[in-house]
Amino acid sequence: MIHFVGGGQMVEAIIRAILNNGVATNDQMTVTDISEERNTYLNKTYQVKASRELEPSLQQAKMIVIGVRPQDDLTSIGEAIRKNSSKDAVIVSIIAGVTIKKLESFVGEGRSIARVIPNTLTDTGLGYSGVALNELATIEQVDDFLNGFGKVMYIEERLIDIFTGFGVAGPNYVYYFIESFADAGVLAGLSREQAWKITLENIVGSVEMLKQTGKHPRQLLDINNSAGGVGINGLHELNASDFAAGLQRSVLKAVKRTTELGS
């Protein structure tokens, strides 16, 4: 039995993905959320048992997924887990910024803990979740579950905040670039539909080109751009806009905010 403490958007995405991928059935999952409206929605949409009562579900759980916000009452949640769950139950935390050591202070020592930063591309089966394990947890305990909503990268905990600001927030930067690039096509005179189709095809095709050739982006840029040509002139203007440094600052800001949330 998998029990989710918290029934927010990320938990819902995980439930939807593992149901679609056959990793678990709806009668193998339960949810606790403080919002009765949210519990009703999850029950009707996914036919999982969802309620405001935490203790009964904890008693049956073999895996406990903590999916609340960093600012929520983790002390009370940890106390409920200590008192009502088996010490053999694996604790999976998807709380941004909360370290394994801090989790151990809430749920008690001597438990298998996986600190997970889930990717936001769960419905596609793509994207990496970053996972750090404490000394008692094993890959075998969590791997099937985690691969049910995308790919998994096991990393040292010291890299978790970096992974969050770069990897998990990554689609935000891609979405923003896609939106801006499509707008550029419209600004230049294409219809919105034309610009959108070209933008998506360029993104997908460029990624596939990198995979197929194994070349560095700079190598493909050299191939695509002739001396004094259209492409190199466009890139010159993009370089003048501080695009690369701006993107890098965005990632560093996201990493910093991740660390702040756990403080």
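Would you mind getting the accessible area per residue of the range 138-199, heavy atoms of the protein chains only, 1.4 Å probe, in Å²?
On the way: 3850 Å² over 62 residues.
Result: 62 Å² per residue.
Hey, which of these cross-link pairs are over 23 Å Cα-Cα: K151/K256; K101/K256; K62/K83; K49/K151; K215/K256; K102/K256?
Numbers: K151/K256 25 Å; K101/K256 19 Å; K62/K83 15 Å; K49/K151 27 Å; K215/K256 32 Å; K102/K256 19 Å.
Exceeds cut-off: K151/K256; K49/K151; K215/K256.
Which part of the range 117-160 falls in the paramagnetic zone of V174, meaning amide N under 11 Å from the point 7 Å along Cα-to-beta-carbon?
Under 11 Å, as judged by backbone N against the label point of V174, lie 120-122, 124-128 of the range 117-160.
Normalising by the residue count of the chain, find the relative contact order in percent from Cα pairs under 8 Å and 6+ residues apart.
Dividing the mean separation by the residue count of the chain yields 16 percent.
Of A89, A13, A245, which has the largest mean-square fluctuation in a 10 Å C-alpha GNM of the chain?
Comparing A89, A13, A245 in the GNM, the peak value goes to A245.
GNM on the chain, C-alpha springs below 10 Å: top fluctuator among N26, N39, N239?
N239
Defining a contact as two alpha carbons under 8 Å apart and six or more residues distant in sequence, what relative contact order in percent does the range 18-174 show? Spell out each step's value before the answer.
On the way: 248 pairs, mean separation 26.9, N = 157.
Worked out over the range 18-174, it gives 17 percent.
Under a point spin-label approximation (7 Å from Cα along Cα-to-Cβ), what is the I139-I203 distance to one decimal in nm?
In this crude label model, I139 to I203 measures out at 3.1 nm.
For D222 and L210, calculate 0.36 nm times their separation in residues minus their Cα-Cα distance, and state this gained length in nm to one decimal. Don't skip to the answer; put the middle values down first.
Numbers: separation 12, 0.36 × 12 = 4.32 nm, distance 1.35 nm.
Difference between extended and current length: 3.0 nm.
Just to check, using Stokes-Einstein with a Kirkwood Rh over alpha carbon pairs, what's the diffusion coefficient of the range 1-107 at 20 °C and 1.002 mPa s in µm²/s?
Values: Rh = 13.7 Å.
Calculated translational D: 156 µm²/s.
For the chain, find the longest principal axis of its Cα atoms and tell me its angle to the long axis of helix 230-240, 0 to 90°, nearest 10.
With both axes taken from Cα atoms, the answer is about 60 degrees.
Note the angle between two axes, namely the Cα long axis of helix 36-46 and the longest principal axis of the Cα atoms of the chain, as a number of degrees from 0 to 90, rounded to the nearest 10.
70
Need one number: % antiparallel among DSSP beta bridges in the range 71-204, to the nearest 5.
On the way: 4 of 11 bridges.
For the range 71-204, the DSSP antiparallel bridge percentage is about 35.
Just to verify a number: what accessible area does Y41 come out at with the full protein assembly present, 1.4 Å probe, Å² rounded to tens?
Approximately 90 Å² of Y41 is accessible to the 1.4 Å probe.
Roughly what angle does helix 74-84 make with the longest principal axis of the chain, taking Cα atoms, 0 to 90 degrees, to the nearest 10?
50
Hey, if you drop one equal point scatterer on each alpha-carbon of the range 220-263 and run the Debye formula without solvent, what base-10 log of I(q)/I(0) do you get at q = 0.18 Å⁻¹?
Ignoring solvent entirely, the Cα scatterers give -0.64.
Using a 1.4 Å probe, how large is the accessible area of M153, given in Å² and rounded to the nearest 10?
Near enough 80 Å² of accessible area.
Would you work out what percent of the accessible area of the chain, with all protein chains in place, is carbon or sulfur (probe 1.4 Å)?
Numbers: 8390 of 15200 Å².
On the chain, the fraction of accessible area on carbon and sulfur atoms equals 55 percent.
If contacts are Cα pairs under 8 angstrom and at least 6 residues apart, what is the relative contact order of the range 159-263 in percent?
Numbers: 41 pairs, mean separation 51.3, N = 105.
Result for the range 159-263 is 49 percent.
What is the magnitude of the charge dipole of the chain about its Cα centre, with +1 placed on the Cβ of each Lys and Arg, -1 on the Cβ of each Asp and Glu, and no other charges, expressed in debye to the nearest 20?
On the way: 25 positive and 30 negative charges, 40 e Å.
Dipole magnitude for the chain comes out near 200 debye.
So for the chain, what are the equivalent ellipsoid semi-axes in whole Å, largest first, each being the square root of 5 times an eigenvalue of the Cα gyration tensor? Let's see the in-between values first.
Values: eigenvalues 340, 82, 56 Å².
Semi-axes, largest first: 41, 20, 17 Å.
For the chain, what does the helix formula give at 222 nm: sum of -39500 (n - 2.57) over DSSP H segments with n ≥ 4, over the residue count, nearest 500 deg cm²/dmol? Walk me through the numbers before you get to the answer.
Working: 12 runs with 139 residues, N = 263.
When only DSSP H runs of four or more count, the value is -16000 deg cm²/dmol.
Springs between alpha-carbon atoms under 10 Å, Gaussian network over the chain: tell me which of I66, I14, I155 tops the mean-square fluctuations.
Greatest mean-square fluctuation among the candidates belongs to I155.
Can you give the translational diffusion coefficient of the range 155-200 in µm²/s, computed by Stokes-Einstein from the Kirkwood radius over Cα pairs at 25 °C and 0.890 mPa s?
On the way: Rh = 12.1 Å.
Using the Kirkwood radius from Cα pairs, D works out to 202 µm²/s.
Report, for the chain, the % of DSSP beta bridges that are antiparallel, rounded to 5. Before the final figure, lay out each step's value.
Values: 4 of 26 bridges.
Approximately 15 percent, going by the DSSP bridge assignments.
The values are calculated or read from the model by the stated rules, or taken from the named source; none is laboratory data. Here the structure is a predicted model, which means the values were calculated and not measured. Glycine also receives a Cβ, built like all others from the backbone with ideal geometry; neighbour counts cover every protein chain displayed. Heads up: the accessible areas ignore ligands, DNA and RNA and are worked out on the full protein's heavy atoms, side chains in. Shrake-Rupley method; radii C 1.70, N 1.55, O 1.52, S 1.80 Å.
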